[in-house]
Amino acid sequence: MSMLRFFMLLSLVVWVGGIIFFSFVVAPTLFSILPTRHLSGLVVSRALTLLHWIGVASGGVFLILSVFHAYYSTGSAQAAALRNLLVFAMVVVTLLSQIVVSGKMAALKATMGEIDSVPAADPRRIVFNSLHQWSTGLEVVVLLLGLAAVYVVARQWSMPVLNALRGKGAAGLV
């Protein structure tokens with residue numbers, strides 16, 4: 001049982017930690033040290049794509065293990081437990097960001113070449129900038145959902161006596 005908990009928590013920590021590291025270390029560093037914004041954008045785009053797929057895989061691992069953990073500890077899979085709903089929302093928002101928003105951004109980049117050479121009033125650049133804002137906003141949403149999921153899991157596991165008093169059926173809903 002402790003191994004299931006370990007891998008559940010690890011999957012969340014990898015994903016949420018990756019978002020934090022990418023957002024506050026990788027992206028700002030690349031834009032400050034690489035010679036052009038275009039080159040920085042290429043690296044950031046590739047890194048973000050990898051982070052998204054790591055996140056989707058981590059979310060899948062978490063959800064599968066969470067259902068097994070709940071079933072073995074309470075006799076009920078508790079698929080609709082708050083921790084699972086939060087992680088499922090993270091996966092959905094990440095897929096939306098990767099497939100829809102990043103896909104549209106990549107298509108626009110292909111028509112524009114180096115974005116800094118495209119006039120700010122160009123409709124393609126305006127749309128690209130709007131999509132970039134959406135991308136950033138979606139990453140913030142995933143991070144906040146992830147922090148909430150970590151909190152919910154930590155709170156649940158730090159109160160085993162209280163969870164036991166609540167009864168087997170309600171233990172996974174915290």
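Please find, among Glu114, Glu139, the residue that is at pLDDT 95 or above and of a type in the set (Asp, Glu).
Working: Glu114 fails: at pLDDT 95 or above.
Criteria check complete, one pass: Glu139.
So which residues in the stretch 16-30 are surrounded by 18 or more Cβ atoms within 10 Å (Cβ to Cβ) and over 10 Å from Ala47 (Cβ atoms)?
Val16, Ile19
Residue check: is Pro35 outside any helix (DSSP H, G or I) and surrounded by fewer than 16 Cβ atoms within 10 Å (Cβ to Cβ)? Lay out the reasoning, then the answer.
On the way: outside any helix (DSSP H, G or I): yes; surrounded by fewer than 16 Cβ atoms within 10 Å (Cβ to Cβ): yes.
Yes, satisfied.
Just to be sure before I move on: is Gly55 under 24 Å from Leu4 (Cα atoms), among the small types (Gly, Ala, Ser), part of a helix (DSSP H, G or I) and in contact with a helix residue (DSSP H, G or I) (Cβ under 6 Å, 6 or more places away or on another chain) in the structure I sent? So that I can check it myself, show each step before the final result.
Working: under 24 Å from Leu4 (Cα atoms): yes; among the small types (Gly, Ala, Ser): yes; part of a helix (DSSP H, G or I): yes; in contact with a helix residue (DSSP H, G or I) (Cβ under 6 Å, 6 or more places away or on another chain): yes.
Considered against the rule, which asks whether it is under 24 Å from Leu4 (Cα atoms), among the small types (Gly, Ala, Ser), part of a helix (DSSP H, G or I) and in contact with a helix residue (DSSP H, G or I) (Cβ under 6 Å, 6 or more places away or on another chain), Gly55 comes out as yes.
How many of the residues in the stretch 90-102 are open to solvent by 30 Å² or more (accessible area, probe 1.4 Å) and over 16 Å from Gln133 (Cβ atoms)? Show your work before the answer.
Applying the first criterion (open to solvent by 30 Å² or more (accessible area, probe 1.4 Å)) to the stretch 90-102 yields 92, 95-96, 99-100.
Filter once more, so that each one left must be over 16 Å from Gln133 (Cβ atoms): 92, 95, 99.
Looking only at that region, the number is 3.
For Met90, only one of the following conditions fails: (1) closer than 30 Å to Ile126 by Cα; (2) without any contact (Cβ under 8 Å) to a residue 12 or more places away in the chain; (3) within 18 Å of the chain's Cα centre (by Cα). What is its number?
Of the numbered conditions (1) closer than 30 Å to Ile126 by Cα; (2) without any contact (Cβ under 8 Å) to a residue 12 or more places away in the chain; (3) within 18 Å of the chain's Cα centre (by Cα), the odd one out for Met90 is (2).
Pull out all pairs, ordered by first then second residue, where Cβ-Cβ is under 6 Å, the residues are six or more apart or on different chains, the first lies in the stretch 1-16 and is acidic (Asp, Glu), and the second is open to solvent by less than 90 Å² (accessible area, probe 1.4 Å) and assigned to a helix (DSSP H, G or I).
So the pair list comes out empty.
Can you find, within the stretch 110-147, the residue that is surrounded by the fewest Cβ atoms within 10 Å (Cβ to Cβ) among those that are among the charged types (D, E, K, R) and free of Cβ contacts under 8 Å to residues at least 60 places away in the same chain?
Taking the stretch 110-147 as the starting set, the residues that turn out to be among the charged types (D, E, K, R) are 114, 116, 122, 124-125, 139.
Checking the rest, the ones that are also free of Cβ contacts under 8 Å to residues at least 60 places away in the same chain come to 122, 124-125.
Values: Asp122: 13, Arg124: 15, Arg125: 17.
By that ranking, first place goes to Asp122.
Go through the stretch 61-80 and count every residue that is modelled with pLDDT of 95 or more and in contact with a helix residue (DSSP H, G or I) (Cβ under 7 Å, 6 or more places away or on another chain).
Summing the residues that are modelled with pLDDT of 95 or more and in contact with a helix residue (DSSP H, G or I) (Cβ under 7 Å, 6 or more places away or on another chain) in the stretch 61-80 gives 5.
The values are calculated or read from the model by the stated rules, or taken from the named source; none is laboratory data. Note that the structure is predicted; figures quoted are calculated from it, not measured. Because the Cβ atoms are built from the backbone with ideal geometry, glycine has one as well, and the counts that use them run over all protein chains shown. In case anyone asks, the SASA skips ligands and DNA or RNA and just uses the protein heavy atoms, side chains included. Shrake-Rupley method; radii C 1.70, N 1.55, O 1.52, S 1.80 Å.
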